[in-house]
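Before any comments, here is the structure.
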Amino acid sequence: MGGSILGNRVLRKEDPKFLTTGGVYVDDLLDEPLLRDAVHVTYARSSVAHGHILSIDTSEAAQMPGVIAVFTGADLGLQPVPSAFNPAATRTLLATDKVRYVGEPLAIIVSETREQGEDASEAIIVDYDVLEALVDVEKAMASSLHLYEACGSNVVFDTTALGIPENTGEGFFADCEVVVTGRYINQRVAPCPLEVRGAAAAWGPDGRLTQWLSTQHAQGAPAPIAAANGVDVSQVRVKTPDVGGGFGAKIGTYPEDLLLGVVAKRVGRPVRWRETRSESMVGLGHGRAQLQFITIGGSRNGKVSHYQMHAIQDSGAWVDMGTILAPFMTRPMSSGVYAIPNIECRTTSVVTNTTPTVAYRGAGRPEATAAIERAMDMFAAEIGMDAAEVRRVNLIPKFMEPHTTAIGGTYDVGDYEESLNRTLAASDYAGWRKKQAERRANNDPKQLGIGVSVYVEITGGVGTGEAAKVEVLDDGSARVYTGTSPHGQGHDTSWSMLASEQTGIPMDKIELVWGDTDLVPVGAGTMGSRSLQQGGNAVYSVAGTLAEKAKSVAARLLEANEADIVLDKDKGVFHVAGTPAVSKTWADLALAEKPTGGLVHSDIIGVVGPTFPFGAHVGIVEVDTETGKVTHIAHYACDDAGTVLNPMLLEGQIHGGVAQGAAQALLEEVRYDDDGNPITSNLADYAFISAAEMPSVNVIHMETPTPNNLIGAKGIGESGTIGSTPALQSAVIDAVSHLGVRHIDMPTTAERVWSAIQQAR
């Protein structure tokens, strides 16, 4: 008799397609009937970071070969749209009176080919009254020049406006033996998904608008698209083909998406749009971009009693999702895994003349972890205690019931010391410290650095449940409909495993349907590591209910009592208990129910609340003290995501997360010059990580199931990123701390490391 498929290493169903014929992305929809005779949209973008628009001359562009039409915001009659997070901040979907960052769209070219549109965009002449570019958040806070005059300030959101008190200042630490302060930068990064943004739009003969989007949340798109087009939401259908990565930056809709239906109606033809990589670097929302002022205090025995944080969030040029990450994600997670009795945390969100920030892998939680972990390292250095031991003495003790921190966050379950112990043991932490001491004693030019982080994060904080539907077809196969959206995580495999576990239908006979709002009208999408614990949980519950419902159909066909019906999941058949020779298949049941609507069940399955994955990372680096070059030589990651559905998928998510976290610690940074011009606007200038910069990641398994959903799962999509970044930043600093270096801001590039060494000498 076979056992449960859950918890086993199951190969990804998705991979054969991606490894052979390849996925079908928005730009591949060449045979779509509604897109026949489609024309191309190109957005002309601002070359100035901040300025009043005096005029936009499109006359030359309109006469160029292949150009069908050119539109400005005035041509389209666009009206200002207020921000949901600060209604005083308004903008039009195309800049009409003012530009606020390089790359902001301000005109649309419609052409027969993409190349013709790009050529025509260069012929549009914009006359500006150039204003000072406010790139630095501190300068923006102090400036009398405001990006949005109606806001009266460049501060567009502050926790004090929510009734949260201002931090009390130095007096807060009056009783502390040791007080350490720091100014940390959690730098701006570009999400850089492999597939850049793309969309297509067509008005059908029924008067409905169908729009294809590369998005993480199809069901969230119809409402803003309908509003932009002046139609009822029922008149909009959104379809999501394969999506080549998102990392949070593809959750929402952008002006470029919202205007396609308007343009298609104006020219009377379907339209396509795909940005270039350079456009993606300045037009797709950025992540992180947080300035942190930290003070930590406690006793010389290593016990931390006070922690104070002021996080200043760079919102970029629009009051978007990035604006609220600090108050609603960084602040509640500011104490991390530590039992600190006294905590104050204020956040301030500021607009600058840079690309707007959005939710990016971890979205506010990596920033909180980076701050508290850096503070713990600074405190440990000040009192001369090992960094791992300082963490151990301050950890929240193991709890299997909800625990509320001093800042007001309530965690589900946690065993933080065990994750630290496992990681220290697996990494041979003591052995690495011995090797480090030997190199220091020998004055080796290549020094070892060991960094430790212990973290907790919140996942599944978006939505309180998810929609699912499971339908059995005439041939006994099944179709699973989900409100989540895959873009690399392995949903097809995971959801098939869950449905197969409940029904006995083989995985290869289960088809996944997502991202079509006509077929799946309700869904909260994929973000915040919610997919398995909400979307997968819904599939598991709905499939289980369907299996129970099917027993009544089988009882009727077998002329038996329902209570006597058994589902043999190994064979996928129903029979009367004790008489397996006479049975009915799923196909038999589906055909029997076809006249009355088929064998199907759908529901929205709620969850108790979010979950709080946790873990510990140890990162090992080698630093060349003569050049500053950092080499990441080993990494150990213990990420507790509750009940593990598929260890292979879990490890894949951890590996990807560690790579992205390492990239922020060591390499990545979006940079601007003083005039607000981006100087990292392509992949030649922006240092992203590759396999060559990564060691093998040693994954240490640990499972602490959550009681907040049926399957006991917590999120894993972002955990690796959250744990790895502070571990590696700490490792780099640790490698040169004996030379007098106390802190290096991320990214810890060779130049910064070398400069820190020279300054310490």
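Coordinate-derived values only; no laboratory data. Just so you know, these numbers come straight off a predicted model, no measurement behind them. Quick reminder, even Gly has a Cβ in these numbers, built from the backbone with ideal geometry, and neighbours come from all protein chains shown.
Based on the Cα coordinates of the stretch 453-568, what is the per residue volume of their convex hull in Å³?
Numbers: hull volume 16.1 nm³, N = 116.
Hull volume normalised by residue count: 139 Å³.
For the stretch 462-474, in order, what is each residue's ³J(HN,Hα) by Karplus, 6.51 cos²θ - 1.76 cosθ + 1.60 with θ = phi - 60°, in whole Hz (x at glycine and Pro)?
With coefficients 6.51, -1.76 and 1.60, one gets 9, x, 10, x, 8, 8, 8, 9, 10, 10, 9, 8, 4 Hz.
Kindly provide the helix-only [θ] at 222 nm of the chain, computed as the sum of -39,500 (n - 2.57) over DSSP H runs of four or more divided by all residues, to the nearest 500 deg cm²/dmol? Intermediate results must be reported in sequence, preceding the final value.
On the way: 20 runs with 203 residues, N = 761.
Here the helix-only value at 222 nm equals -8000 deg cm²/dmol.
What are the ³J(HN,Hα) values, in whole Hz, obtained from phi via the Karplus relation 6.51 cos²θ - 1.76 cosθ + 1.60 with θ = phi - 60°, for each residue of the stretch 580-595 in sequence order, with x given for Gly and Pro?
Those phi angles translate into x, 5, 9, 9, 10, 8, 4, 5, 4, 5, 4, 5, 5, 8, 4, x Hz.
Rounded, prolate or oblate for the stretch 381-533? Axes are the square roots of the Cα gyration tensor eigenvalues, ordered a ≥ b ≥ c, and the cut-off for rounded is a/c under 1.5.
Working: a/c = 3.17, a/b = 2.22, b/c = 1.43.
Note, shape of the stretch 381-533 comes out prolate.
Apply 1/(1 + (r/R0)^6) to the Cβ-Cβ distance of Thr160 and Ile185, taking R0 = 25 Å, and write down the FRET efficiency to the nearest 0.05.
Values: r = 23 Å, r/R0 = 0.91.
In this case the efficiency is close to 0.65.
Kindly put Thr493, Thr596 in sequence by how many other C-beta atoms sit within 10 Å of each C-beta, fewest to most. Let's see the in-between values first.
On the way: Thr493 22, Thr596 8.
Lowest count first: Thr596, Thr493.
Pulled fully out, how much extra length does the chain show between Phe18 and Glu60, if you take 0.36 nm times their separation in residues and subtract their Cα-Cα distance?
Values: separation 42, 0.36 × 42 = 15.12 nm, distance 4.32 nm.
The Phe18-Glu60 span can extend by a further 10.8 nm.
Binning at 5 angstrom from zero up to the longest distance, how are the C-alpha pair distances of the stretch 516-629 distributed in percent?
2, 9, 14, 14, 11, 10, 9, 8, 6, 4, 3, 3, 2, 2, 2, 1, 0
Considering only C-alpha atoms, what is the centroid distance from the stretch 546-564 to the stretch 372-399, in Å?
59 Å
Of Lys303/Lys446; Lys398/Lys435; Lys469/Lys569; Lys17/Lys509; Lys469/Lys594, which pairs sit farther than 25 Å apart, going by alpha carbon to alpha carbon?
Numbers: Lys303/Lys446 33 Å; Lys398/Lys435 32 Å; Lys469/Lys569 20 Å; Lys17/Lys509 16 Å; Lys469/Lys594 17 Å.
Listed pairs above 25 Å: Lys303/Lys446; Lys398/Lys435.
Order these peptides, 159-167, 288-296, 417-425, by their mean beta-carbon neighbour count within 10 angstrom, highest first. Intermediate values should be presented prior to the final figure.
Values: 159-167: 12.7, 288-296: 23.9, 417-425: 20.0.
Ranked by mean Cβ neighbours within 10 Å, highest first: 288-296, 417-425, 159-167.
Would you order Ile722, Ile185 from fewest to most other beta-carbon atoms within 10 Å of each residue's own beta-carbon?
On the way: Ile722 30, Ile185 15.
Sorted ascending by nearby Cβ count, the order is Ile185, Ile722.
Neighbour counts of other C-beta atoms within 10 Å: give me Phe614, Phe399 arranged from fewest to most.
On the way: Phe614 30, Phe399 13.
Going from least to most buried by this count: Phe399, Phe614.
Using the Karplus curve 6.51 cos²θ - 1.76 cosθ + 1.60 with θ = phi - 60°, work out ³J(HN,Hα) for each residue of the stretch 409-415 in order, rounded to whole Hz, and write x for Gly and Pro.
x, 10, 8, 7, 9, x, 9
Gain in length, Gln79 to Ala581, computed as 0.36 nm per residue apart minus the alpha-carbon separation, to one decimal in nm?
Once the chain is fully extended between Gln79 and Ala581, it gains 173.7 nm.
For the chain, count all C-alpha to C-alpha pairs, find those more than 44 Å apart, and express that count as a whole percent of the total.
When all Cα pairs of the chain are counted, 30 percent exceed 44 Å.
In the neighborhood of Phe71, defined by Cβ-to-Cβ distances under 12 Å, what is the net charge if each Lys or Arg adds +1 and each Asp or Glu adds -1? Please list the in-between numbers first.
Values: positive: Lys265, Arg266; negative: Asp75.
Spelling it out: positives minus negatives among the neighbours equals +1.
Can you compute the label reach from Val130? Point 7 Å from Cα along the Cβ direction, backbone N cut-off under 14 Å, restricted to the stretch 649-679.
Residues passing the 14 Å test: 673-678.
Can you tell which of Tyr429, Pro506, Gly465 lies farthest toward the positive end of the dipole of the stretch 423-530, using +1 and -1 charges on the Cβ of basic and acidic side chains (Lys, Arg; Asp, Glu)?
Tyr429
Could you give P(r) for the stretch 1-142, binned at 10 Å from zero, as whole percent values over all Cα-Cα pairs?
Computed distribution, short to long bins: 10, 26, 24, 17, 13, 7, 3, 0.
So, in Å, what gap is there between the alpha-carbon centers of the stretch 599-649 and the stretch 283-312?
Centre-to-centre (Cα) distance: 22 Å.
Within 15 Å, Cβ to Cβ, of Asp673, how many net charges do the neighbouring residues add up to if Lys/Arg are +1 and Asp/Glu are -1? Before the final figure, lay out each step's value.
Details: positive: Lys139, Arg188, Arg671; negative: Glu132, Asp136, Glu669, Asp674, Asp675, Asp685.
Here the count lands on -3.
Taking amide H positions as placed 1.01 Å from N in the peptide plane, with prolines and chain starts having none, which residues 5 or more places from Gly252, or on another chain, fall under 5 Å of its amide H?
none
Let me know the volume per residue of the alpha-carbon convex hull for the stretch 276-330, in Å³.
Values: hull volume 5.9 nm³, N = 55.
For the stretch 276-330, the hull spanned by Cα atoms encloses 107 Å³ per residue.
How do 641-649, 30-38 rank on mean C-beta neighbours within 10 Å, highest first?
On the way: 641-649: 22.0, 30-38: 12.8.
Going from most to least packed, we get 641-649, 30-38.
Can you bin the stretch 140-264 into rounded, prolate or oblate? Criterion: square roots of the alpha carbon gyration tensor eigenvalues sorted a ≥ b ≥ c, rounded for a/c under 1.5, prolate for a/b above b/c, oblate for the rest.
Details: a/c = 3.10, a/b = 2.22, b/c = 1.40.
Since a/c reaches 1.5 and a/b is larger than b/c, the shape of the stretch 140-264 is classed as prolate.
Would you please give the FRET efficiency between His743 and Leu194, computed as 1/(1 + (r/R0)^6) with r the Cβ-Cβ distance and R0 = 30 Å, to the nearest 0.05?
Computed FRET efficiency for His743 and Leu194 comes out at 0.35.
Tally Lys and Arg at +1 and Asp and Glu at -1 over the other residues with C-beta under 12 Å from the C-beta of Met309: what net charge comes out?
Summing Lys/Arg as +1 and Asp/Glu as -1 gives +2.
Compute the label zone of Ala684 within the stretch 266-289: residues whose backbone N is under 16 Å from the point 7 Å along Cα-to-Cβ.
Under 16 Å, as judged by backbone N against the label point of Ala684, lie 277-279, 281 of the stretch 266-289.
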